[in-house]
Amino acid sequence: MSASCIFCRIASKEIPSGIVYEDEEVLAFRDLSPQAPMHLLVIPKRHMASLEDVGDADAALLGSMMLAAQKVATAAGLARGYRIVTNCGVDAGQSVAHLHLHVLGGRPMSWPPG
C-alpha cells in the first residue's frame, strides 16, 4: 500500500467511495468523474502502479480483476454491452498510478476509442 495513492486509501477504506463489489483481492467502486452513464473502477487492493508492474505471479490477480469487472457489469444491468479499459502510462491517459480497470456502459460505444 502506498500512503500517497488515492486508490490505496480507498481500498483501505480511509476514503469513502461508492463500493459496488469487494473480495479479498479486488475492490470496485463508482468513478467520481464518469465518462459514461455507468462508469465503475476495478482495482487490486495491493498497490501496483500500472500493467507494466505485473508479472507471471500476478496472473491470478489479473483474472480476478476481469471476473470482478464482469460481475459488476452484470450487476449494473449492462446486458446490452460494456467496455473494459485500462490505461498504461501518462501517454495513454493514466491519471492515477494504481492499476485499474474502467468498466464503461449505458450508452453505445464508438470505435476507435481514442
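The values are calculated or read from the model by the stated rules, or taken from the named source; none is laboratory data. All figures in this text were calculated on a predicted structure; none of them were measured in a lab. With ideal geometry, Cβ positions are generated from the backbone for all residues, glycine too; neighbour counts draw on all protein chains shown. What goes into the accessible areas is simple: the full protein's heavy atoms, side chains included, and nothing from ligands, DNA or RNA. Shrake-Rupley method; radii C 1.70, N 1.55, O 1.52, S 1.80 Å.
List of remarks:
- For the chain, projected area of the alpha-carbon convex hull averaged over all directions, nm²: 7.2 nm²
- Tilt relative to the chain, helix 59-75 - C-alpha long axis, 0 to 90 degrees, to 10: 40 degrees
- Gyration tensor verdict on the range 48-114 (Cα atoms; rounded if a/c is under 1.5, prolate if a/b is larger than b/c, oblate otherwise): oblate
- Solvent-accessible area, 1.4 Å probe, carbon plus sulfur percent, for the range 39-114: 57 percent
- Rounded to the nearest Hz, the phi-derived 3J(HN,Hα) couplings of the range 7-16 under the Karplus curve 6.51 cos²θ - 1.76 cosθ + 1.60 (θ = phi - 60°) are 6, 5, 5, 5, 4, 8, 6, 6, 10, x, where x marks glycine and proline.
- Other residues whose C-beta falls under 13 angstrom from the C-beta of Y21 contribute a net charge of -1, scoring Lys and Arg +1 and Asp and Glu -1.
- Cleavage-rule hits, trypsin sites (Lys or Arg not before Pro), the range 55-110, DSSP coil, Cβ neighbours within 10 Å at most 13: R80
- Long-range amide H partners of V26 with built H, under 5 Å: K45
- Using only side-chain charges placed at the Cβ, +1 for Lys and Arg and -1 for Asp and Glu, the dipole size of the chain relative to its Cα centre rounds to 520 debye.
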